[in-house]
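Right, one structure below, let's go through it.
The values are calculated or read from the model by the stated rules, or taken from the named source; none is laboratory data. Note that the structure is a prediction, hence the values are computed from the model and not measured. All Cβ positions, even for glycine, are placed from backbone atoms using ideal geometry, and neighbour counts span all protein chains on display.
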C-alpha cells in the first residue's frame, strides 16, 4: 500500500465513531495493520492530529516529544491533569517534566529530551 491509498483509508476511517460492522471489516483491519506497521503512515497520521488540534509540534525538539506532550492535552489544548497514562508534560512556563503518579501534582523536571537527547529550552511554547 502506498501513502496515497492509506490517506484515502484514513479519511474513511478517522471519524469519531465507527459502527461495529466497519470495525470488523477486512478493509478497516488492513488500515489498522498499515497504521501501526508502517512508520511513514503512523508519522503522517500523528502530524495530521497535531495540525487538526492546532498543536505546533515543530516547536518541540523531536516528534516523539511532541507525541508525549500532545497525549497529555485535552482537546481544548489545556493539560489533562487527570490522565494518569501521561509520561511527559510541558507547563505554560516552559518547564518539561515527568509526572509522579502519587495522587499529587509532583513532577521530575528534566532538562534533556529522553528520546532525542537534545537540551530542552524553557522558551519553547
In this structure, is residue 43 farther than 30 Å from residue 120 by Cα, surrounded by 10 or more Cβ atoms within 10 Å (Cβ to Cβ) and either out of contact with any helix residue (DSSP H, G or I) (no Cβ under 8 Å at 6 or more places or on another chain) or not assigned by TED's automatic domain parsing to the domain that holds residue 117 (or both)?
no
Among 84, 121, 33, 58, the single one that is closer than 24 Å to residue 12 by Cβ and either modelled with pLDDT under 95 or surrounded by 11 or more Cβ atoms within 10 Å (Cβ to Cβ) (or both) is 33
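Conditions (1) within 25 Å of residue 117 (Cβ to Cβ); (2) in the same structural domain as residue 119 (by TED's automatic domain parsing); (3) more than 14 Å from the chain's Cα centre (by Cα), marked per residue:
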| position | (1), (2), (3) |
| --- | --- |
| 17 | no, no, yes |
| 31 | no, no, yes |
| 65 | yes, yes, no |
| 70 | yes, yes, no |
| 77 | no, yes, no |
| 95 | yes, yes, yes |
| 99 | yes, yes, yes |
Can you tell me which residue among 50, 6 is in contact with a helix residue (DSSP H, G or I) (Cβ under 8 Å, 6 or more places away or on another chain) and closer than 23 Å to residue 114 by Cβ?
50
